[in-house]
Amino acid sequence: MKDLSIIIVNWNTRDLLACSLQSVYETAGGLEFEVFVVDNASTDGGAQMVRERFPQVHLIENRENVGFARANNQAIRQSQGCPACPEQGRREPSRRSRYVLLLNSDTEVYPGALETMVQFMERHPQAGGCGPRLLNADGTLQPSCHPMLTPEREFWRLMFFDRLWRRAIYVQERWDWEAPRPVEVIKGACFLLRRAALDQVGLLDEGYFMYTEEMDLCYRLLQARWQLWWVPQAVVKHYGEASSRQVAEAMYVQLYRSKVQFYRKFGGPRRADRFKRLIRLAYEPRLAVAALGAFFSPALAARAGTYRRLLAELPLM
């Protein structure tokens, strides 16, 4: 049985993907692992790069961008030899890895990180998943987990009230970086999952095209009484939003579309509508300020356009 199946979804991040794969193979230590790259119809030669430089990788090439959740699920199913997926082949149950790692293509894995997370999961059988300490490109701490969000917590964060009292985010910079601690939501940039937990609660919800799918999965894991942990001794650098930055305005709107979808799924139409009202209350003043500033700044003009599009599409979400 393999220790770990590592799954990376790629969309036009060829060079970052190459660095990420290199870091995986250089730092995995004694783990027995396999790597899957799911390419979502990239146009920058990323799939060709994988074939040439990393022939040991299991490469899945999609003819269109099927989204983050569906692409990850493709590889998860292949890693466990899904009988319902004949094009992916079959695999004996004994060959299934014990853990699945969802890893962004714009990450760099530090030495020992993968072994540290796997060893933590081995010592904590009630842990359904864990995540590392994430760093920004400049080495500063990047938020890698947060409380389970509610419409009110989202509004609190958007109004910058967290600067007065932290309700929507954790104060990770004050945590002990030598002590793992339980959390509620782990960022999908690097998320190690127990195969048995996935078998129980199911895979990522493919109704999400991008964003919030990891919060959905964390919610289901917690509901099933699995624990989620932040393991700071494991370190991964995350450059951040390398794919979504290419279509920034569309992805900004997609972020809120996914959140509305989450609240509707786990709270019904009334909760989703309450969230949309709070979003409008938070963004109408932002649009007004950005629109005024647009006369002096191209950046604010672009921001005003994004806010305007979000508010226009909000009733349809």
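The values are calculated or read from the model by the stated rules, or taken from the named source; none is laboratory data. Note that the structure is predicted; figures quoted are calculated from it, not measured. Don't worry about glycine lacking a Cβ; one is built from the backbone with ideal geometry, like all the others, and counts go over all protein chains shown. Protein only, heavy atoms only, side chains kept; ligands, DNA and RNA dropped before computing areas. Shrake-Rupley method; radii C 1.70, N 1.55, O 1.52, S 1.80 Å.
Quick notes on this structure:
- Checked against a 26 Å cut-off, the cross-linked pairs 2/187; 237/276; 187/265; 2/265 give Cα-Cα distances beyond that limit for 237/276; 2/265.
- Over the chain, accessible surface divided per residue gives 47 Å², non-protein components excluded, 1.4 Å probe.
- Net charge, residue 171 excluded, C-beta distance under 15 Å - Lys, Arg +1, Asp, Glu -1: +4
- With a simple spin-label model that places each label point 7 Å from the Cα along the Cα-to-Cβ direction, the separation between residue 224 and residue 51 comes to 3.6 nm.
- Accessible area in the full protein assembly, largest first, 1.4 Å probe, for 5, 297: 297, 5
- Pairwise FRET efficiency - residue 96 versus residue 296, Cβ, R0 = 45 Å, nearest 0.05: 0.20
- Membrane-span-like helices in the chain, defined here as complete DSSP H runs extending at least 27 Å along the helix axis by their C-alpha atoms with mean Kyte-Doolittle hydropathy no lower than -0.5, are 248-293; this is a sequence and geometry rule, not a statement about a membrane.
- The dipole here belongs to the range 200-271: it is taken about the Cα centre, uses +1 on the Cβ of Lys and Arg and -1 on the Cβ of Asp and Glu, and is about 320 debye.
- Computed from label points 7 Å out along Cα-Cβ, the spacing between residue 2 and residue 137 is 3.1 nm.
- Accessible heavy-atom area order of 289, 235, highest first, probe of 1.4 Å: 289, 235
- Distance between the range 110-187 and the range 57-82 - C-alpha centres, whole angstrom: 26 Å
- Dipole magnitude for the chain: about 1240 debye, using +1 per Lys or Arg Cβ and -1 per Asp or Glu Cβ, origin at the Cα centre.
- Kirkwood Rh in Å, taken over the range 138-270 so that all alpha-carbon pairs contribute: 16.2 Å
- One Cα centroid belongs to the range 196-223, the other to the range 250-317; the line between them spans 24 Å.
- Here the translational diffusion coefficient of the range 241-317 follows from Stokes-Einstein with Rh set to the Kirkwood radius across Cα pairs; for 20 °C and 1.002 mPa s it amounts to 163 µm²/s.
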